[in-house]
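A.B. asks: Submitted below is the structure of interest, expressed as structure tokens.
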Amino acid sequence: MKLILSDRPLNLELPENGEIRHVDLSTLQIANCVGCFGCWTKTPGRCVIRDDAVRVYPLIAESDTVVYVSRIKYGGYDTIMKRMLERAIPIQQAFIRIHRGETHHLQRAVTPKHATIIAYGAIEQEERSIFERLVARNGYNMNFIDHRILYVAESEVEKNVKDLIETWKKS
């Protein structure tokens, strides 16, 4: 499955077979992670907060391709996307593994994924550099096989997502 997670509404025409899913995070009620680690200890693999995030993070885990559409602020994801990514922690286990000489969480049943980040907003070079390091570091715990970042103008976001969808339809 291919998943598009966006921090804003997008007018997309998706195939009816469900192979490509779009989640507009701006329309969902997703609370902040409270750092209780209940998803690791009390209800392993499930967040103890019962809101819309519990419908989204299983989609992230199942997807082999994910597109993250986010405004970039201060070298990081904007609030909506950051909140969702933090709430996706139940797809990881509390246990640690050594990966490339560093400690990282074990994944539950998480499909390795190809990730594309469509980043928009007034992004200075310093912010880009910080964001690129952030994405690379997050990729270890998010089970990325590979990733790429496309920096686009806000007015070009939807066109870039549609172009990706067309590429997927052809393959």
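A.B. asks: What label, among (i) -0.58; (ii) -0.64; (iii) -0.71, belongs to log10 I(q)/I(0) by the Debye sum over Cα atoms at q = 0.13 Å⁻¹ computed from the structure on display?
C.D. replies: This structure yields the entry labelled (ii).
A.B. asks: Going by alpha carbons, how many degrees (0 to 90, nearest 10) lie between the helix axis of 157-170 and the longest principal axis of the chain?
C.D. replies: Helix 157-170 sits at roughly 80 degrees to that axis.
A.B. asks: Something else about it: I need the peptides 45-51, 158-164 ranked by packing, meaning the mean over residues of other C-beta atoms within 10 angstrom, with the highest value on top. Intermediate values should be presented prior to the final figure.
C.D. replies: On the way: 45-51: 14.4, 158-164: 16.0.
Peptide ranking by packing, descending: 158-164, 45-51.
A.B. asks: Mind telling me which of LEU106, LEU25, LEU59 comes out most flexible in a GNM of the chain, alpha-carbon contacts under 10 Å?
C.D. replies: LEU106
A.B. asks: When only DSSP loop residues count, what GluC sites (Glu not before Pro) in the range 55-142 have their Cβ near at most 16 other Cβ atoms within 10 Å?
C.D. replies: The qualifying sites are GLU124.
A.B. asks: In addition: Put +1 on the Cβ of every Lys and Arg and -1 on every Asp and Glu Cβ in the range 2-170; which of MET81, ALA53, PRO9 then has its Cα farthest towards the positive end of the dipole?
C.D. replies: Of the options given, the answer is ALA53.
A.B. asks: Another question, then. Please list, in order, the residues from the range 1-26 whose amide nitrogen is less than 11 Å from a point placed 7 Å along the Cα→Cβ vector of LYS169.
C.D. replies: Zone members listed by number: 13-16.
A.B. asks: Evaluate E = 1/(1 + (r/R0)^6) for GLU62 and GLN125, where r is the Cβ-Cβ distance and R0 equals 45 Å; express this FRET efficiency to the nearest 0.05. The partial results should precede the final answer.
C.D. replies: Working: r = 36 Å, r/R0 = 0.79.
Plugging the Cβ-Cβ distance into 1/(1 + (r/R0)^6) gives 0.80.
A.B. asks: Also, I was wondering about something else. Angle check, please: helix 53-62 long axis (alpha carbons) against the longest principal axis of the chain (alpha carbons), in degrees 0 to 90, nearest 10.
C.D. replies: Roughly 80 degrees between the two axes.
A.B. asks: Tell me, what HN-Hα J-couplings in whole Hz come from the Karplus equation 6.51 cos²θ - 1.76 cosθ + 1.60 at θ = phi - 60° for each residue of the range 34-42, using x for Gly and Pro?
C.D. replies: Per-residue couplings from phi come out as 9, x, 7, 6, x, 5, 9, 10, 7 Hz.
A.B. asks: So in the chain, what percent of DSSP beta bridges are antiparallel if you round to the nearest 5?
C.D. replies: 20
A.B. asks: Over the chain, what is the relative contact order in percent, taking alpha-carbon pairs closer than 8 angstrom and at least six residues apart?
C.D. replies: 22
A.B. asks: Right, something else. If you place +1 on the Cβ of every Lys and Arg and -1 on the Cβ of every Asp and Glu, how big does the dipole about the Cα centre of the chain come out, in debye to the nearest 20?
C.D. replies: 640
Bear in mind that the values in this text are calculations on the coordinates, not laboratory data. It should be emphasised that the depicted structure is a prediction, and the values quoted were computed from it without experimental measurement. A quick note on method: Cβ atoms are made from the backbone with ideal geometry, for glycine too, and the neighbour counts reach across all protein chains shown.
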